[in-house]
1. Of the residues A:Tyr49, A:Tyr10, which single one is surrounded by fewer than 16 Cβ atoms within 10 Å (Cβ to Cβ) and under 14 Å from the mean Cα position of the chain (by Cα)?
2. Need a quick list: strands (runs of 3 or more DSSP E) entirely within region A:26-113 having at least 1 residues that are on the phi < 0 side of the Ramachandran plot and among the basic types (Lys, Arg).
3. Test of understanding: among B:Ser94, B:Ser52, B:Ser73, which residue is within 22 Å of B:Val11 (Cα to Cα) and of a type in the set (S, T, N, Q)?
4. Could you tell me whether region A:65-83 includes any residue that is surrounded by 16 or more Cβ atoms within 10 Å (Cβ to Cβ), within 29 Å of B:Tyr50 (Cβ to Cβ) and at pLDDT below 95?
5. Could you list all residues from region B:36-77 that are in a strand (DSSP E or B), over 28 Å from A:Arg9 (Cβ atoms) and among the polar types (S, T, N, Q)?
6. Got a sec? Which of A:Pro39, A:Pro25, A:Pro61 is at pLDDT below 95 and out of contact with any helix residue (DSSP H, G or I) (no Cβ under 9 Å at 6 or more places or on another chain)?
7. In region B:5-36, what residues are surrounded by 13 or more Cβ atoms within 10 Å (Cβ to Cβ), at pLDDT below 95 and β-branched (Val, Ile, Thr)?
8. Within region A:88-107, is there a residue that is aromatic (Phe, Trp, Tyr) and surrounded by fewer than 19 Cβ atoms within 10 Å (Cβ to Cβ)?
Amino acid sequence: KAGVTQTPRYLIKTRGQQVTLSCSPISGHRSVSWYQQTPGQGLQFLFEYFSETQRNKGNFPGRFSGRQFSNSRSEMNVSTLELGDSALYLCASSLGQPRETQYFGPGTRLLVL
Amino acid sequence: AQSVSQHNHHVILSEAASLELGCNYSYGGTVNLFWYVQYPGQHLQLLLKYFSGDPLVKGIKGFEAEFIKSKFSFNLRKPSVQWSDTAEYFCAVSTGATNKLIFGTGTLLAVQP
């Protein structure tokens, strides 16, 4: 079974731009969660989508948004990029029930200049 | 708000030494506990998890963890480490019926041959 894939793997943007990251979950998985990983803040939960609906949300500003498509693929969008948005963005997929193991992708490394 | 503390940020051991990594969480209700590992250049992957039952949980690659409710702890152990255990280890918690993972800051383990 193919694992979680994320595209692109690396991205360089400038302040004020917007960016869209993509995540394809493991086949059959209906839940996709997004996390931001930075050296200072560690791994922080952004949001979770299940069956095309946002089910949980972390404490990030409204510039961070996401969506999920009917095939469970998910996209994350960050508008008006700030230098502090530079991070590794990870997505994780699971079957969707609580306590299910979440499988992580390789991440998208975003650098904001 | 829930939080997870990992007290050891960097640990250096020689091969065959025993390992114990501390993890404490703050939450008064039912928790689901996880240890994830990130080997150099690889994805985050699950080592083990605890939901209920026997508080001593065995995971992959000879790792185990013990849930001590009275101490709000879930320490990771391995009797004899190998050079291949060099990685970053993350403790994580989810609560109730949610998939939202709250991660500790991670412990970087270096095993010297």
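The values are calculated or read from the model by the stated rules, or taken from the named source; none is laboratory data. All of these numbers come straight from a predicted model, not from anything done at the bench. All Cβ positions, glycine included, derive from the backbone under ideal geometry; neighbour counts span all protein chains shown.
1. Values: A:Tyr49 fails: surrounded by fewer than 16 Cβ atoms within 10 Å (Cβ to Cβ).
Going through A:Tyr49, A:Tyr10 in turn, just one is surrounded by fewer than 16 Cβ atoms within 10 Å (Cβ to Cβ) and under 14 Å from the mean Cα position of the chain (by Cα): A:Tyr10.
2. Numbers: elements: A:31-38, A:42-50, A:53-57, A:64-68, A:74-78, A:87-94, A:108-112.
By residue number, A:53-57, A:64-68, A:108-112.
3. Values: B:Ser94 fails: within 22 Å of B:Val11 (Cα to Cα); B:Ser52 fails: within 22 Å of B:Val11 (Cα to Cα).
Answer to the check: B:Ser73.
4. No; the residues of region A:65-83 include none that is surrounded by 16 or more Cβ atoms within 10 Å (Cβ to Cβ), within 29 Å of B:Tyr50 (Cβ to Cβ) and at pLDDT below 95.
5. B:Ser73, B:Asn75 - these are the residues of region B:36-77 that are in a strand (DSSP E or B), over 28 Å from A:Arg9 (Cβ atoms) and among the polar types (S, T, N, Q).
6. Values: A:Pro25 fails: at pLDDT below 95; A:Pro61 fails: at pLDDT below 95.
Selected residue: A:Pro39, the only one of A:Pro39, A:Pro25, A:Pro61 that is at pLDDT below 95 and out of contact with any helix residue (DSSP H, G or I) (no Cβ under 9 Å at 6 or more places or on another chain).
7. Within region B:5-36, B:Val31 is the sole residue that qualifies.
8. no
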